[in-house]
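The values are calculated or read from the model by the stated rules, or taken from the named source; none is laboratory data. Here the structure is a predicted model, which means the values were calculated and not measured. Every residue, glycine among them, receives a Cβ derived from its backbone with ideal geometry; neighbour counts consider all protein chains shown.
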Amino acid sequence: MSYRHLIAPHVARYDGVDAHPQTPDVTFTGDVQDLSMISDQVYDSAICLEVLEHVPDPGRVLSEAYRVLKSGGVLIISAPHLSRQHELPNDYYRYTPQGLRALLERAQFEVIQISRRGGLGSFLSHQVSLALLGLTWSVPVLGSLAWLVNEWLCVRPAYAVDQWTDRQGLFAAGFTAVARKP
């Protein structure tokens, strides 16, 4: 729920679902492939960020999102295209825009937009960032310095490289889709 602070001020209610909650703010504990603890047509919107790659049946996740959304409800999802394996053993898929579109349409959503995030530069920079921040995070002053170095020497240059070198998005780090329940 790392984006809650950005979203919560703009909604009347913010509920979170997690199989293994790492924060006390999670409303529902369970598998996103089975949201039976939530009634039909409860929400105006749903957000599913970097989750689909971690479930064996992403179609069930989207079907459940469709079920809990009201008519006209909006779903925002993001999923990786280029990514190292992570959160093992629950790392199953990588996605193309065509794959996300097919999954959303199969779940009866109307796809509004699919956009790419990052590129090969971002992917490679992310690996450097993980090492740099992972090795220095717990060291008081060094961790803060590494954060600044990471921002200016890894993240920003990688973003610029992605904009210049991959205009077609063939090496996108991931994709974000916005869809609506008719």
Subset of the range 47-87 that is part of a helix (DSSP H, G or I) and small (Gly, Ala, Ser) - its residue that is surrounded by the fewest Cβ atoms within 10 Å (Cβ to Cβ): Gly59
Among the residues that make up the range 88-98, is at least one of them more than 16 Å from Val178 (Cα to Cα) and among the aliphatic types (A, V, I, L, M)? yes
Within the range 118-132, is there a residue that is of a type in the set (S, T, N, Q) and not in a helix (DSSP H, G or I)? no
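Per-residue answers, yes or no, for (1) buried (at least 18 other Cβ atoms within 10 Å of the Cβ); (2) within 23 Å of Val51 (Cα to Cα); (3) out of contact with any Gly (no Cβ under 8 Å at 6 or more places or on another chain):
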position	(1), (2), (3)
Ala102	no, yes, yes
Trp137	no, no, no
Glu151	no, no, yes
Asp162	yes, no, no
Criterion first (in a loop (DSSP other than H, G, I, E, B), touching a residue at least 12 places away in the same chain (Cβ under 8 Å) and of a type in the set (Ser, Thr, Tyr)) does Ser115 satisfy it? no
Taking into account only those residues within the range 33-89 that are polar (S, T, N, Q) and in contact with a Ser or Thr (Cβ under 8 Å, 6 or more places away or on another chain), which is nearest to Ala19 (Cα to Cα)? Ser78
Could you list all residues from the range 104-116 that are buried (at least 17 other Cβ atoms within 10 Å of the Cβ) and under 13 Å from Gly174 (Cα atoms)? Ile114, Arg116
Determine whether the range 6-22 contains at least one residue that is small (Gly, Ala, Ser) and at pLDDT 95 or above. no
Residue pairs, Cβ under 6 Å, 6 or more apart or interchain, first in the range 170-182 and in a strand (DSSP E or B), second among the acidic types (Asp, Glu). List them. Arg180/Glu110
Just to be sure before I move on: is Tyr95 assigned to a loop (DSSP other than H, G, I, E, B), at pLDDT 95 or above and surrounded by 16 or more Cβ atoms within 10 Å (Cβ to Cβ) in the structure I sent? yes
Hey, does the range 109-123 have a residue that's in contact with a helix residue (DSSP H, G or I) (Cβ under 6 Å, 6 or more places away or on another chain) and under 30 Å from Ser39 (Cβ atoms)? yes
